[in-house]
1. Most fluctuating residue of 81, 160, 113 in a GNM of the chain with Cα springs under 10 Å: which is it?
2. Quote to one decimal, in nm, the extra length available between residue 166 and residue 194 on full extension: 0.36 nm per residue of separation minus the C-alpha distance between them.
3. Estimate the FRET efficiency between residue 139 and residue 223 by the formula 1/(1 + (r/R0)^6), using the beta-carbon distance for r and 25 Å for R0, to the nearest 0.05.
4. Quickly estimate the mean residue ellipticity at 222 nm for the chain, helices only: each DSSP H run with n ≥ 4 gives -39500 (n - 2.57), and the total goes over all residues, rounded to 500.
5. Can you pull a Stokes-Einstein diffusion coefficient for the chain at 25 °C (0.890 mPa s), Rh from Kirkwood over Cα pairs, as a whole number of µm²/s?
6. Pulled fully out, how much extra length does the chain show between residue 113 and residue 126, if you take 0.36 nm times their separation in residues and subtract their Cα-Cα distance?
7. At 7 Å along the Cα-to-beta-carbon direction for both residue 234 and residue 106, put a label point, then send me their distance in nm to one decimal.
8. Return the FRET efficiency for the residue pair residue 40, residue 61: r is the Cβ-Cβ distance, R0 is 25 Å, and the value is rounded to the nearest 0.05.
Ligand code: F6R
């Protein structure tokens, strides 16, 4: 296992800086792999909150490798994904449902009814009900054991975008339908091919269920994430930088980042 080159305690979080993203992804996968049998033994299953995007892809590759070599099993795992574009069909290659099948679900022994992704096909007038149900499923499964997060250039976590909400209100945000921020839309152009093809809305797990996880692992790589990382860890707690809301749950957040993403901290 690759060792971090720096370790900092910042805003109640454990921050580990790796020379390369690979080391951080190995550490994230290791944390998930070691938590599964413990949670399964204590509570009958492990409940994982999962992220999509380019950042966690190597984490899923590590998990698949571990499962294929018998070091890990998803038989007693339930997963809840952070978000899904809206509207979005599950078979669309741009959907986060298809991302999860490509990177994880199709390669591990997870039961088909245990890999939960918000449904981008629900009628708009039932989106709030669907989102509320998602939070109830998480609660009924005993809450999230480990939540894996990436962070947007604008500091978003899940698709909880920057806003002028008061902090106490932001901390209560449930899973819901949201409008995507211009930076998020601009960053999605590489996946969709043109700005006009990027959905304007998404269903996202709320700040409340994310922060309710027993343990949170945040990954961030590259210089383009440095500002969001620094504002999340060194800046004031504000809904303008959703990543900074992680400061309100000291002791349970681990940041696994590379040297470039850490450049605003060191
Ligand atoms: C994805 C998600 C987003 C991403 C973030 C970073 O499920 O919730 O918050 O983690 O936009 O995306 P990448 O990893 O593509 O830079």
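Rule-based calculations on the coordinates, nothing more; no lab input. Remember, it's a predicted structure, so these values are computed and weren't measured experimentally. Note that each Cβ is placed from the backbone with ideal geometry, even for glycine, and that neighbours are counted across all protein chains shown.
1. So, out of 81, 160, 113, the one fluctuating most is 113.
2. Details: separation 28, 0.36 × 28 = 10.08 nm, distance 3.42 nm.
Full extension from residue 166 to residue 194 adds 6.7 nm.
3. Working: r = 38 Å, r/R0 = 1.53.
Calculated value: 0.05.
4. -9500 deg cm²/dmol
5. Working: Rh = 18.4 Å.
Roughly 133 µm²/s, to the nearest whole number.
6. Working: separation 13, 0.36 × 13 = 4.68 nm, distance 2.10 nm.
Once the chain is fully extended between residue 113 and residue 126, it gains 2.6 nm.
7. 4.3
8. On the way: r = 23 Å, r/R0 = 0.90.
Efficiency computed from Cβ-Cβ geometry: 0.65.
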